[in-house]
Amino acid sequence: MPTVIVPLGPRSYPVVVAAGSLASLGRRTRAVLGRTAFALVVADRNTIGPWGQPAAASLAAAGFRVRTLCVPAGEGSKSARHLEKIWKELAASRAGRDAVVVSVGGGVVGDLAGFAAATWNRGVDLVHVPTTLLAMVDASIGGKTGINLPHGKNLVGAFHQHRLVLADLDTLKTLPDREFRSGLAEVIKYGLIGDAPLFALLEKNTERLLARDPAFLQKIVARCASQKARVVSRDERESGPRMLLNLGHTFGHAIEAATSYRKYLHGEAVAIGLCAAAALSGGGLEARVRSLVSACGLPDRAPGLDPEVLRGLAAGDKKVKAGRVRYVICRGVGSAEVAEGLPEARVQAAWATIRSISEI
């Protein structure tokens with residue numbers, strides 16, 4: 001089965017990508033930790049039954065003392081209130097520094113449970129079982145954890161690397177179509193920032209992708225995970241090359257905040273953001289990006305949102321430097337860079353495309 005290593009020296013960890021691998025969670029967790037201890041399995045209402053309980057059973061069979069905690073599904077769970085619930089569960093379970101937090105779900109559960117692991121007893125071990133495409137290819141790799149505030153997304157958080165990521169592709173079989181398509185935005189992003197052949201592969205195999213062909217999915221997930229692992233190994237704390245992973249996210253995060261995280265899934269907002277970033281990039285890229293985004297069943301604009309309100313929200317993004325918004329743009333498919341000081345008219349026009357499709 002494909003295993004991608006996130007190379008971080010003594011803190012390196014494996015990302016296992018294989019159907020049916022959930023049953024091996026307990027054995028693999030015990031192997032990477034070198035012990036058994038208390039394990040808190042955190043899942044949401046959609047994943048606790050089909051995947052959270054089997055994960056807990058696998059851990060228990062391997063000798064772990066296990067408890068489970070269910071949080072509401074959706075972006076609203078990434079809050080101080082639900083973070084406190086996890087802390088209290090850890091306290092009630094008398095979880096020590098040898099405890100392990102196991103998140104089972106998408107990016108929301110992973111970010112929330114990951115931040116709890118990063119802060120409980122000043123940091124305990126973390127294992128993630130991503131159950132969405134978006135989490136498998138992006139959110140579960142790289143150590144970013146955090147919660148949201150009304151002022152913006154992921155403003156409070158920490159870098160805390162996993163000990164193991166177990167991506168069981170069988171979990172994608174029951175993923176709702178909208179959630180699955182949401183994850184495709186991050187896959188498209190990887191093609192744009194550094195893998196032109198991947199982008200072309202997606203363009204030629206959209207139907208196979210949407211049909212969730214098992215062999216094709218395994219190839220795509222492993223390929224994206226490998227690219228994310230390479231970027232993280234070069235820039236763990238997002239001071240340089242890792243910023244390229246934010247392509248489309250400056251726009252996307254503003255869209256999410258403007259709609260109170262209720263109208264668009266994260267990947268949907270990123271998809272719109274990728275189109276805006278392509279418009280900002282120029283060079284005829286916008287038409288090609290919009291075409292693939294639409295073919296994947298993702299939105300390419302957000303009618304009704306005021307571009308100036310969105311820009312104001314982007315000004316509070318954590319990627320702002322010295323009061324200036326930094327944008328990731330593409331010089332072409334597979335080549336991205338961070339840009340500052342872009343012409344005002346060009347930036348304004350890019351934000352305007354979010355509300356209405358530009359002339360392409």
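Read-outs throughout are calculated quantities, based only on the coordinates presented, and are distinct from any laboratory measurement. Source: prediction; values computed, not measured. Here Cβ is always computed from backbone atoms with ideal geometry, including for glycine, and neighbour counts include all displayed protein chains.
Over the C-alpha trace of the range 109-162, radius of gyration and Dmax come out as 10.9, 31 angstrom. Along the range 118-123 the Karplus relation, 6.51 cos²θ - 1.76 cosθ + 1.60 evaluated at θ = phi - 60°, assigns HN-Hα couplings of 5, 10, 6, 6, 6, x Hz to successive residues, with x for each Gly and Pro. Bridges between two residues of the chain, per DSSP, are antiparallel at a rate of about 40%. Normalised by the number of residues in the range 177-352, the average gap of Cα pairs under 8 Å and 6 or more apart makes the relative contact order 28 percent.
Determine the calculated [θ] at 222 nm for the chain from helices alone, applying -39500 (n - 2.57) to every DSSP H run no shorter than 4 residues and normalising by the residue count; nearest 500 deg cm²/dmol. Each step should come with its number before you reach the end.
On the way: 13 runs with 151 residues, N = 360.
When only DSSP H runs of four or more count, the value is -13000 deg cm²/dmol.
Taking only the alpha-carbon atoms of the range 177-352, what semi-axes of the equivalent ellipsoid follow from 5 times the gyration tensor eigenvalues under a square root, in whole Å, largest first? Don't jump to the answer; show the numbers that get you there.
Numbers: eigenvalues 122, 70, 45 Å².
Three semi-axes, in Å: 25, 19, 15.
Ordered by the number of other Cβ atoms lying within 10 Å of each residue's own Cβ, fewest first, ILE48, ILE354 fall into the sequence ILE48, ILE354.
Rounded to the nearest 5, what is the percent of antiparallel bridges among the DSSP beta bridges in the range 14-134? Intermediate results must be reported in sequence, preceding the final value.
Values: 0 of 18 bridges.
The answer is about 0 percent antiparallel.
Placing unit charges on the Cβ atoms only, positive for Lys and Arg and negative for Asp and Glu, gives the chain a dipole magnitude near 940 debye about its Cα centre.
Exposure proxy for SER233, SER294, SER140: other Cβ atoms within 10 Å of each Cβ, ordered fewest to most, give SER294, SER233, SER140. Once backbone amide H atoms are built at 1.01 Å from N, ALA336 has ARG331 as its partners under 5 Å, excluding neighbours fewer than 5 places away on the same chain.
Comparing SER21, ALA302, ALA92 along the charge dipole axis of the chain, the residue lying farthest to the positive side is ALA92, per the Cβ-charge model. Among the listed pairs LYS85/LYS173; LYS153/LYS219; LYS144/LYS228, a Cα-Cα separation exceeding 23 Å is found for LYS85/LYS173; LYS153/LYS219. Per-residue Cβ neighbour counts within 10 Å put LYS219, LYS189 in the sequence LYS219, LYS189, beginning with the fewest. For TYR13, nonlocal amide neighbours, meaning residues 5 or more places apart or on other chains whose placed amide H falls under 5 Å from its own, are VAL6, LEU8.
Counted over all Cα-Cα pairs of the chain, pairs farther apart than 35 Å make up 19 percent.
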